[in-house]
Amino acid sequence: MQALKKELNRLKKLKNIGDLAGSVAHDLNNSLAGIATYPEILLMDDTLSPKIRASLDIIKESGQNASAVVSDLLTISRGIREECQLLNINTIIKRFMAAPEFEKIKTAYGKVDIEMHLEPELLTISGSYIHIEKSIMHLVINALEETSATAGRGNGTIVLSTANHYTDSEKDGYTEQNLSPGEYVMLEVLDAGKGIPEDCLNKIFDPFFTKKKMGRSGSGLGLTLVKNTVLDHQGEIFVASDENGTKFTLLFPALRSELPMTSQPASIEEIRGCLVAKVL
């Protein structure tokens with residue numbers, strides 16, 4: 001009964017966030033469009049002094065960060081409203097890792113290595129490319145931050161892996177959690193951080209919950225978005241953490257279908273909401 005009450009409170013909180021996001025999105029996006037894009041135009045002037053150029057860079061970056069927060073709010077409030085398509089999570093991971101945007105992220109955490117163990121015969125899923133890519137982005141950034149904070153211990157590596165997973169009983173042997181029998185595509189992100197305190201484990205998916213400095217290291221919406229995305233895909237998400245690090249395990253219902261030829265999905269820049277000129 002207590003668990004049900006907590007879940008109802010969480011859903012109510014998400015609904016309130018959705019209502020808030022919907023009510024302010026129109027005006028806020030119009031304002032952010034100028035903040036995020038006009039500095040780009042001004043920076044094209046080669047006669048600008050270094051001091052003014054540096055100030056414009058700060059304005060541009062602040063506008064982009066604010067746009068990303070609005071984008072996360074809208075993603076949480078809307079859920080998956082796009083038509084789902086057949087996807088291979090390996091393809092999403094590889095494309096994200098090859099994107100210029102990820103190179104910028106990785107540069108900020110140069111001491112941290114990333115190992116990838118991707119199942120070559122990974123099954124497909126039905127889902128939203130943009131939502132899953134953005135979830136991967138949040139999980140990887142979170143892992144980089146946590147690992148870099150303890151890289152001095154000599155263990156500066158995060159592991160990103162995929163696998164086909166099957167369970168024939170409600171008590172899954174691998175995750176040790178209740179899971180509906182069937183085939184799943186598993187995505188795992190393992191960091192080498194100091195772990196999540198036990199009293200925070202049941203709060204990490206709550207909107208705006210963060211132990212980091214707001215505005216400087218995340219908005220507190222990243223893991224909320226990840227969980228909502230997994231649940232919208234009829235999947236499950238589990239987290240295990242101790243003093244040696246934290247592992248997020250995402251399970252998506254698997255399909256045995258061939259990928260069709262499709263057009264190029266949206267870029268990571270669009271996903272992050274850096275360009276917000278489109279009025280909702």
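Per-residue counts of other Cβ atoms within 10 Å, averaged by peptide: what ranking do you get for 100-111, 196-207, highest first?
Top to bottom by mean Cβ count within 10 Å: 196-207, 100-111.
Would you mind checking Lys94/Lys227; Lys12/Lys227; Lys60/Lys203; Lys134/Lys247; Lys171/Lys247; Lys60/Lys134 for any pair whose Cα atoms are more than 27 angstrom apart?
Going by Cα-Cα distance, Lys60/Lys203 fall outside the 27 Å limit.
What number, in percent, do you get for the relative contact order of the stretch 83-199 if the mean sequence gap of Cα pairs under 8 Å and at least 6 apart is divided by its residue count?
29 percent
What ranking, highest mean first, results for peptides 36-48, 226-238 when packing means the other Cβ atoms within 10 Å averaged over each residue?
Those peptides, ordered most packed to least, come out 226-238, 36-48.
Throughout, read-outs are computed from the coordinates displayed, never taken from laboratory work. Just so you know, these numbers come straight off a predicted model, no measurement behind them. Neighbour counts are summed over all protein chains in view; Cβ atoms, including those assigned to glycine, are modelled from backbone coordinates with ideal geometry.
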